[in-house]
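**Q** Submitted below is the structure of interest, expressed as structure tokens.
The values are calculated or read from the model by the stated rules, or taken from the named source; none is laboratory data. Please read these numbers as outputs of a predicted model, since none were measured by experiment. Glycine also receives a Cβ, built like all others from the backbone with ideal geometry; neighbour counts cover every protein chain displayed. Only protein heavy atoms, including side chains, enter the accessible area calculation; ligands, DNA and RNA are left aside. Shrake-Rupley method; radii C 1.70, N 1.55, O 1.52, S 1.80 Å.
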Amino acid sequence: MVAARESAHGVVGLVPTMGFFHEGHLSLMHRSVSECDQTVVTLYVNPLQFEDAADLARYPVDHDRDLALASECGVDLMVIPDPGEMFPTAPLTTVSVAAIGERLEGVHRPGHMDGVATVVARLFAALQPDRAYLGRKDAQQLALVSRLAHDLGFPLEVVGCPLVREQDGLALSSRNVFLGEHRPAALALSRGLMEAATMFETGECRAAVLEGKVRDVFRAGELEYAEAFDAATVEPVSRIEGEVVLAVAARIGPVRLIDNIGLLLDAKGPRADRGVFLERPSVLYDEPPATSHQPPTTNHQPPPCSSP
């Protein structure tokens, strides 16, 4: 990562990822490439944010595929640190964003949010980007990273980008490839959110009613939460005022999924952000893409385009 920082020039955009890219990741890369002089993508499957070793072991990994996809987006540099580079010794220092990280995902995945915060702080310190691009699908994580950057004085802008959905409405996740026969049941998550969005746009502002709609629609699997919260503080709300997120998490077959919609009530009236829908099947299900030009270099040499 030292080499990546030393090669940086101009306005540097960072897209932190765990790899196995889909159009949600690629949209962040395109945004950074369009707004920054140099775009750096990190690919690190962070063990600190997995409370389940089996979940960590089965997380999909394909560095060659990811390098090719990042190249197609115009990414300048891919950083693929190994655990020894990220943390040469077991870290005694961890980062906790208390009020934000202790709720929702923090309850259902103990240690997860602290793991995210610790690694993101490490990346910010090592790479010193000017902007960091994160998706709104992980709304709690976006709020956590934004507050982390503010509280610790990192001189960068955290940019939230739209949630991307597959054609049938399922929020894009690298874990979608594991759904198999459970995919129809998983669609109830997004269907419940879309019905809640319509209710909100036609005048329903009570959080409990909108949360109840999501619960009513989702009848398969194990619903962990359906909750409306303030987009910046992640505090629960009783009515939709200002910028709110209605988020859900559920276990469906072998997969745990999260999803959300953004709800905004201001002087212009109620508006729901349902995300962006793909017009074709996701690259998650494609064969490894061919690329007509050199993929972005990594900070692992030699060779310049290899994964560790």
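**Q** Restrict the check to region 89-101 and report whether at least one residue is under 16 Å from ARG147 (Cβ atoms), among the hydroxyl-bearing types (Ser, Thr, Tyr) and open to solvent by less than 50 Å² (accessible area, probe 1.4 Å).
**A** no
**Q** Given the residues ALA149, ALA208, which is the only one that is small (Gly, Ala, Ser), touching a helix residue (DSSP H, G or I) at 6+ places or on another chain (Cβ under 9 Å), in a helix (DSSP H, G or I) and surrounded by fewer than 20 Cβ atoms within 10 Å (Cβ to Cβ)?
**A** Going through ALA149, ALA208 in turn, the sole match is ALA149.
**Q** Additional query: I'm trying to understand the selection: among the residues of region 240-269, which are more than 20 Å from LEU142 (Cβ to Cβ), surrounded by 15 or more Cβ atoms within 10 Å (Cβ to Cβ) and not small (Gly, Ala, Ser)?
**A** ILE252, VAL255
**Q** I'd like to check something: does region 64-78 contain any residue that is open to solvent by 20 Å² or more (accessible area, probe 1.4 Å), part of a loop (DSSP other than H, G, I, E, B) and more than 22 Å from PRO155 (Cβ to Cβ)?
**A** yes
**Q** Could I ask something else about it? In region 66-90, which residues are touching a residue at least 40 places away in the same chain (Cβ under 8 Å), touching a helix residue (DSSP H, G or I) at 6+ places or on another chain (Cβ under 9 Å) and not acidic (Asp, Glu)?
**A** LEU69, ALA70, CYS73, GLY74, VAL75, LEU77, MET78, VAL79, ILE80, PRO81, MET86
**Q** Okay, next question. For region 129-145, enumerate the residues that are over 12 Å from ASN260 (Cα atoms), touching a Leu at 6+ places or on another chain (Cβ under 8 Å) and not aromatic (Phe, Trp, Tyr).
**A** Of everything in region 129-145, those that are over 12 Å from ASN260 (Cα atoms), touching a Leu at 6+ places or on another chain (Cβ under 8 Å) and not aromatic (Phe, Trp, Tyr) turn out to be PRO129, ASP130, ARG131, ALA132, LEU134, GLN141, LEU142, VAL145.
**Q** Can you confirm whether region 41-50 contains a residue that is of a type outside the set (Gly, Ala, Ser), surrounded by fewer than 16 Cβ atoms within 10 Å (Cβ to Cβ) and under 22 Å from GLY275 (Cβ atoms)?
**A** no
**Q** Any idea which residue in region 102-132 is least open to solvent (accessible area, probe 1.4 Å), counting only those that are of a type in the set (Asp, Glu) and outside any helix (DSSP H, G or I)?
**A** Looking at the filtered set, the residue picked out is ASP130.
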